[in-house]
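> Can you keep this structure in mind? I'll have questions shortly.
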């Protein structure tokens with residue numbers, strides 16, 4: 001959100017360490033769930049999955065930011081709980 005333009009290379013399959021098919025499937029799910037917007041996808045007749053284009057217009061939504069924030073808090077709480085458990089043992 002701080003950058004003028006989205007750097008699509010940051011979510012390349014190579015950067016993420018996953019296949020292009022898996023990356024694209026995740027992006028489509030994020031788009032349909034309302035966590036991101038601006039992603040252009042087209043599904044042609046006979047195709048089993050959409051084709052993604054114009055990744056540079058992809059942006060996180062308020063819903064996506066809230067999701068990241070909540071999950072970050074849950075990870076912190078889980079780490080804290082694990083630490084407490086280890087101290088008690």
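The values are calculated or read from the model by the stated rules, or taken from the named source; none is laboratory data. Remember, it's a predicted structure, so these values are computed and weren't measured experimentally. Note: ideal-geometry Cβ built from the backbone for every residue, glycine included; neighbour counts use all protein chains shown.
> Which of the residues that make up region 43-59 are assigned to a helix (DSSP H, G or I) and touching a helix residue (DSSP H, G or I) at 6+ places or on another chain (Cβ under 8 Å)? Steps first, please.
Within region 43-59, the first condition is being assigned to a helix (DSSP H, G or I), and the residues that meet it are 55-57.
Within region 43-59, 55, 56 meet the criteria.
> Right, here's the next one. What are the residues in region 11-42 that are closer than 17 Å to residue 64 by Cβ, in a helix (DSSP H, G or I) and either touching a helix residue (DSSP H, G or I) at 6+ places or on another chain (Cβ under 9 Å) or touching a residue at least 60 places away in the same chain (Cβ under 8 Å) (or both), if any?
Of everything in region 11-42, those that are closer than 17 Å to residue 64 by Cβ, in a helix (DSSP H, G or I) and either touching a helix residue (DSSP H, G or I) at 6+ places or on another chain (Cβ under 9 Å) or touching a residue at least 60 places away in the same chain (Cβ under 8 Å) (or both) turn out to be 11, 16, 23, 26, 27, 30, 33.
> Could you identify the single residue in 58, 48 that is modelled with pLDDT of 70 or more, exposed (fewer than 10 other Cβ atoms within 10 Å of the Cβ), on the phi < 0 side of the Ramachandran plot and under 22 Å from the mean Cα position of the chain (by Cα)?
48
> Checking the conditions here, which among 64, 34 is on the phi > 0 side of the Ramachandran plot, under 13 Å from the mean Cα position of the chain (by Cα) and either modelled with pLDDT under 80 or surrounded by 11 or more Cβ atoms within 10 Å (Cβ to Cβ) (or both)? Please lay out each step first, then the result.
Values: 64 fails: on the phi > 0 side of the Ramachandran plot.
Of the residues listed, the single one that is on the phi > 0 side of the Ramachandran plot, under 13 Å from the mean Cα position of the chain (by Cα) and either modelled with pLDDT under 80 or surrounded by 11 or more Cβ atoms within 10 Å (Cβ to Cβ) (or both) is 34.
> Would you tally the residues in region 33-78 being in contact with a strand residue (DSSP E or B) (Cβ under 6 Å, 6 or more places away or on another chain) and closer than 20 Å to residue 20 by Cβ?
Of the residues in that region, 11 qualify.
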